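Worksheet: the structure to be examined is printed underneath.
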Amino acid sequence: MDQLLRWLWREEFWIPPGNHWKDMEMKEGEGHFPLPRHLIYTLPLALIFIAIRYIFERVIAIPLSKVLGVKDRIWIRAASIPKLEAFYKQHSQQPSQSEVVGLGKQCGLSQRKIQTWFRHRRNQDRPSSTKKFCEASWRFFFYLTSFTAGLGSLIDTPWFWDQSECWRGYPKQPVSEAHYWYYMLEMSFYLSLLLSISVDVKRKDFKEQVVHHIATIILIGFSYIANYVRVGTLVMLVHDSADIILEVGKMLHYALWAKTCDVLFVLFALVFLVTRLYVFPSRIIHTTLIVSMQFYEPFFGYYFFNALLFVLQLLHIYWAYLILRMVYRFAFMGKIEGDVRSDEESPVDDNEEEEEDGGECSWEQRKDAINSRLASLANNCVLNNLTNQTNRNSRLPKTR
């Protein structure tokens, strides 16, 4: 283990050629140099974030959802059938046609009833609007607080306006207390999201979210150890700016504030496309990939750090594609037809809606409607026969 740590902590991995760890020691009053042991504190901080989130959602988010008018849909509960329940939990939530036939024989039920049971059972597991509202409100609270504090700590720094200042004096650059806590809290937050992702709302881009969280944690941790703190603070600030609008838009979407959501969506699309597809590659990736080489020779940390930035940029392009799809729908349909990143739920057609909402009473109504349609069809058939017979009789004299 000691040999592995010594190999991992080799100077050529973390600092440019010609520099040594002893050169990184800061004198009293100059600040402190980032050390790997500082990152150990992010794990207990992540657990604290999870506890704070639990309290926040119940004390603030749930009452706020009621004030804004968030309502949960009530689904019909599936009947208690042990064999179907075991198959649902152990095998699949959406059985194939052959599996439906086999389950019907085992339980003595028709295929229609088997399919209906699984549909009702999937609906029971759907996250409620209140749960999704609480999740969005927690992220909105953190992103707003983080962005405000980060902007306040960076607005007076020289590298905020001139990104080449990120490398002046590198790697011997002291880290202020504000930027130290900015790093620790940001990394702890993403670590808490990764720890709780299994119980959060699962969306279509679930795998991309996992990759994003892991890449973000590695990026923040590596940039701190390698003292890429200056450019790292800019990366975090750029990402938080668009996330604020996204989360507040989700909150109002769950509250069914349609017009306000449309306005926020347009604003979010503009901010996201500008910050993630222009500012991030032209300012941040450009300064780490090209400008930094004017101050030091490339080393392992240079390639590794830029590779992580490119992973984030690929995710930005993927999400930009989803956003542009929504923009297309918004422009040609006049409204946003749901979230392209919405929860992975089974579609419900009109017949299923009627069955779930009406129950046995709706079946009687549908039977009466079917009988009336059959009667109308029969009348039409009689009228058509009479009309055809009249036409034949009118043609007989001409034929003779």
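The values are calculated or read from the model by the stated rules, or taken from the named source; none is laboratory data. Model, not experiment: these values are computed from the prediction. Don't worry about glycine lacking a Cβ; one is built from the backbone with ideal geometry, like all the others, and counts go over all protein chains shown. Ligands, DNA and RNA are excluded from the accessible area calculation, which covers all protein heavy atoms including side chains. Shrake-Rupley method; radii C 1.70, N 1.55, O 1.52, S 1.80 Å.
Brief remarks follow.
- Neighbours by Cβ (under 6 Å, 6+ apart or cross-chain): first from segment 188-216, among the aliphatic types (A, V, I, L, M); second open to solvent by less than 20 Å² (accessible area, probe 1.4 Å) and not in a helix (DSSP H, G or I): Val201/Asp343
Results for (1) assigned by the TED database to the domain that holds Tyr182; (2) open to solvent by less than 40 Å² (accessible area, probe 1.4 Å); (3) over 23 Å from Met251 (Cα atoms), shown as yes or no for each residue.
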residue	(1), (2), (3)
His91	no, no, yes
Gln111	no, no, yes
Phe142	yes, yes, no
Ser146	yes, yes, no
Ile155	yes, no, yes
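- Any hit, segment 101-113, residues being in a helix (DSSP H, G or I) and touching a residue at least 40 places away in the same chain (Cβ under 8 Å): no
- Every residue from segment 253-274 that is open to solvent by 20 Å² or more (accessible area, probe 1.4 Å) and farther than 18 Å from Arg325 by Cβ: Tyr254, Leu256, Trp257, Ala258, Lys259, Thr260, Val263, Val274
- Boolean, Ile245 is farther than 17 Å from Trp167 by Cβ, part of a helix (DSSP H, G or I) and at pLDDT 90 or above: yes
- Test: Asp72 is outside any helix (DSSP H, G or I) and either touching a residue at least 12 places away in the same chain (Cβ under 8 Å) or over 21 Å from Asn227 (Cβ atoms) (or both): yes
- Those residues of segment 127-139 which are part of a helix (DSSP H, G or I) and open to solvent by less than 50 Å² (accessible area, probe 1.4 Å), in sequence order: Ser129, Thr130, Lys132, Phe133, Cys134, Glu135, Ala136, Ser137, Trp138, Arg139
- Of all the residues in segment 157-188, those that are open to solvent by 50 Å² or more (accessible area, probe 1.4 Å), in contact with a Ser or Thr (Cβ under 7 Å, 6 or more places away or on another chain) and in a loop (DSSP other than H, G, I, E, B) number 0.
- Taking every residue in segment 25-48 that is β-branched (Val, Ile, Thr) and pairing it with any residue that is surrounded by 14 or more Cβ atoms within 10 Å (Cβ to Cβ) and modelled with pLDDT of 90 or more, at least 6 positions away or on another chain, the pairs with Cβ-Cβ distances below 7 Å are Thr42/Met184; Thr42/Met187; Thr42/Ser188; Thr42/Leu191.
- Gln294 vs. criteria open to solvent by 20 Å² or more (accessible area, probe 1.4 Å) and touching a strand residue (DSSP E or B) at 6+ places or on another chain (Cβ under 8 Å): no
- Residue list for segment 56-69, restricted to those being assigned to a helix (DSSP H, G or I) and open to solvent by less than 100 Å² (accessible area, probe 1.4 Å): Phe56, Glu57, Val59, Ile60, Ala61, Ile62, Pro63, Leu64, Ser65, Leu68
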